[in-house]
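Asker: My questions all concern the structure below.
Laboratory data are not the source of any read-out in this text; all were calculated from the coordinates shown. Please read these numbers as outputs of a predicted model, since none were measured by experiment.
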Amino acid sequence: MVLLKDSSTKEAIREQYEQIWSELLNKDEEKAEHVLKKLEYELLPTRQKILRRWGKILSPLKKRFIWIILFSVIGFFLLAYVLFIYVSLWVEDY
């Protein structure tokens, strides 16, 4: 794989870039930012793409409220299980 600076088609790619840039100047600012973010993402190394994707997936777990809810639900079911065992052993004795 040849780097772009050593490529024989460098000038053709530069002309294509200039054409895309001139079209981008006539677009909405938000659309242009979206296109540039997608391009920036495509230029990232594979490892950083994976990390960025997992960062988006795991971002809700960085909030305390989610952890409070999660531990509350786990605690509730553990308490319900212990109470169920305790009541069943208590009923069995009588």
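Asker: Provide the gained length on full extension for the span Lys37 to Met1, in nm with one decimal, where the gain is 0.36 nm per separating residue minus the Cα-Cα distance. Don't skip to the end; give the middle numbers.
Answerer: Values: separation 36, 0.36 × 36 = 12.96 nm, distance 2.49 nm.
Result: 10.5 nm gained on full extension.
Asker: Relative to the longest principal axis of the chain, what angle (0 to 90°, nearest 10) does the C-alpha long axis of helix 10-24 take?
Answerer: Compared with the principal axis, the helix lies near 70 degrees.
Asker: From Cα coordinates alone, what are the radius of gyration and Dmax values for the chain in angstrom?
Answerer: Considering the chain through its Cα atoms, Rg and Dmax are 28.3, 91 Å.
Asker: Can you list the HN-Hα couplings for the stretch 45-60, worked out from phi with the Karplus curve (6.51, -1.76, 1.60; θ = phi - 60°), rounded to whole Hz and with x for Gly and Pro?
Answerer: 3J(HN,Hα) across the stretch 45-60, in whole Hz: x, 4, 4, 6, 5, 5, 5, 5, 5, 5, x, 5, 5, 8, 4, x.
Asker: For the pairs Lys10/Lys37; Lys10/Lys31; Lys10/Lys56, note any where the Cα-Cα span goes beyond 25 Å.
Answerer: Table pairs above 25 Å Cα-Cα are Lys10/Lys31; Lys10/Lys56.
Asker: Same structure again: Work out from phi, with θ = phi - 60° and the Karplus expression 6.51 cos²θ - 1.76 cosθ + 1.60, the ³J(HN,Hα) of each residue of the stretch 77-86, listed in order in whole Hz, and give x for Gly and Pro.
Answerer: Here the 3J(HN,Hα) series is 5, 5, 5, 4, 5, 5, 5, 4, 5, 4 Hz.
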